[in-house]
1. Search the structure for amide H atoms under 5 Å from the amide H of A:ALA83, placed 1.01 Å from N in the peptide plane, and list their residues when 5 or more places away or on another chain.
2. Where does the protein assembly as shown land on Rg/Rh, using Cα atoms and the Kirkwood Rh?
3. Based solely on C-alpha atoms, express the radius of gyration and the Dmax of chain A in angstrom.
4. Using a Förster radius of 51 Å, what is the FRET efficiency between A:ALA115 and A:GLU28 based on their Cβ-Cβ separation? Nearest 0.05, please.
5. With θ set to phi - 60°, apply the Karplus curve 6.51 cos²θ - 1.76 cosθ + 1.60 along region B:72-85 and write out the HN-Hα couplings as whole Hz, x wherever there is a Gly or Pro.
6. Give the accessible surface of the protein assembly as shown per residue, rounded to a whole number of Å², with probe radius 1.4 Å and ligands, DNA and RNA excluded.
7. So what is the diffusion coefficient of region B:1-151 in µm² per second by Stokes-Einstein at 37 °C and 0.692 mPa s, using a Kirkwood Rh over Cα pairs?
8. Once every DSSP H run of n ≥ 4 in the protein assembly as shown is given -39500 (n - 2.57) and the sum is divided by its residues, what mean residue ellipticity at 222 nm do you get, rounded to the nearest 500 deg cm²/dmol?
There are 2 protein chains.
Amino acid sequence: MGTTQLEPVPEPKYWHLKTVLSEALDSEFAVGEILPNERDLAARFGVARATLRQALEQLELEGRLQRRRGVGTTVAPPRVGVAVGTERHAWPGTAGDAWQPVDCVTAVPPAAVAAALEIPADEPVHTVRRTRTSHGQQVAAELLYIPATSVPDLSGIDTPSGAARARAVLRELQHLPLEDQDRAVELGSARADDARELDRLPGAPVLVVTTRFVASGRTAALSTATYRADTCRLTFGASGGVEIHEGPERRAS
Amino acid sequence: MGTTQLEPVPEPKYWHLKTVLSEALDSEFAVGEILPNERDLAARFGVARATLRQALEQLELEGRLQRRRGVGTTVAPPRVGVAVGTERHAWPGTAGDAWQPVDCVTAVPPAAVAAALEIPADEPVHTVRRTRTSHGQQVAAELLYIPATSVPDLSGIDTPSGAARARAVLRELQHLPLEDQDRAVELGSARADDARELDRLPGAPVLVVTTRFVASGRTAALSTATYRADTCRLTFGASGGVEIHEGPERRAS
């Protein structure tokens, strides 16, 4: 990247710098390439370090750059489309489910989860932990909360702990007739345990998908899934991913 | 808020501080209340300013705090559920659409939009700008790209500019049989113009929803909608919003 002087423009300086940097990423850098350090970049673009840092933060939010401790700032690959909503309602763990069960514990859920499940705040529920990978990388972590009343026949089954128990709980849950299912997507920050699993720093921006499974007119199970916001684009609808990005197309090399 | 000393814990300091601050917000502050300044907060919790700032950033990502230039940091109201996906497919502008048309121009779209619409990169398209309000506040801004071939009879109609022209374009579009519709949700940063409309700073985190409308086997229109990530929770499904938050319930006062 050669020396580039910015022309004076009415927009904030970091915003214009972001656009210039974005074009430089397209034309001069390959996916995975490590960017020069902040001091050098600031000098080349004739801006203050603080301005540069603001522009880099924008590009990170937009998924163009990844900053990783000990590695530096690298050019990010295009985001991966991860199918979240389908038109068909289905219990977790049924055929075609992209999630892998990891373990299952019985524990008192967060107060807000207990309220949504309409159970007493101190009532333990089956808590299934699952993970989801895409293109060989873990992209999401899920906690699935299932009250004892949703799996009444489980107690009669001698199931070991871990993933086997998670599968047994999900099989029992599937005996209920699923009436409805709705979802919400919001911005969140990665909890310490999710961050470790997702190879992110605690507090990194994540997309939190909350799914409510309705049976017999009540919430029979509740899932909170945490997706990496840097690498994932959540897709909804039968025909799969929407292949559109803001700004110029990115090149893989 | 009294002086609170943090006990030593294995998690990052700012992460533990975030939890403590979150509890203080629940018990001691009302929605809309302005927080003490950073210097005072840091002193009260016995942490460095940098640690405090990291914790405040987390709480902002989670929608607990809002930072606004000239106002300071305030306690955010609970996020508003905004219905994005329904099970029924519909063209923009049909009955029940929550969006208000603002204007319509004919312009060359971004390269990625042209590629998704499978039109030449220099072909102008109808670009309808719409806004969406919820509880009296603008929560989202949309650009809707419609190639001339999707509205073939428009040229015969004498429509003025502005919102009236936008409505005329959408009425023409509705003559096509809508075959399919899919969506993607991803993290983005607010463009300068969207930021102004949404009362945010340029570069603030936003949720970008891209919707593809399919007719006659091709993409007949493409929408990119930018939602405030601080105040919105996007909901999908027939039964409306999922009323669940991570962590303790928030109190309105």
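The values are calculated or read from the model by the stated rules, or taken from the named source; none is laboratory data. What you see is a predicted model; the values in this text were computed from it and never measured. Reconstructed Cβ throughout: ideal geometry from the backbone, glycine too, with neighbour counts over all protein chains shown. Just so you know, the surface numbers come from the protein's heavy atoms only, side chains and all, with ligands and any DNA or RNA stripped out. Shrake-Rupley method; radii C 1.70, N 1.55, O 1.52, S 1.80 Å.
1. Amide H neighbours of A:ALA83: A:THR235.
2. On the way: Rg = 23.8 Å, Rh = 24.5 Å.
On the Cα set of the protein assembly as shown, Rg over Rh gives 0.97.
3. In order Rg, Dmax, the Cα atoms of chain A give 22.2, 74 Å.
4. For R0 = 51 Å, the calculated efficiency reads 0.45.
5. Listing the rounded values in order: x, 9, 10, 6, 7, x, x, 4, 8, x, 10, 5, 10, x Hz.
6. On the way: 22370 Å² over 506 residues.
I get 44 Å² per residue for the protein assembly as shown.
7. Working: Rh = 19.4 Å.
So the translational diffusion coefficient is about 169 µm²/s.
8. Calculated at 222 nm, the ellipticity per residue is -7500 deg cm²/dmol.
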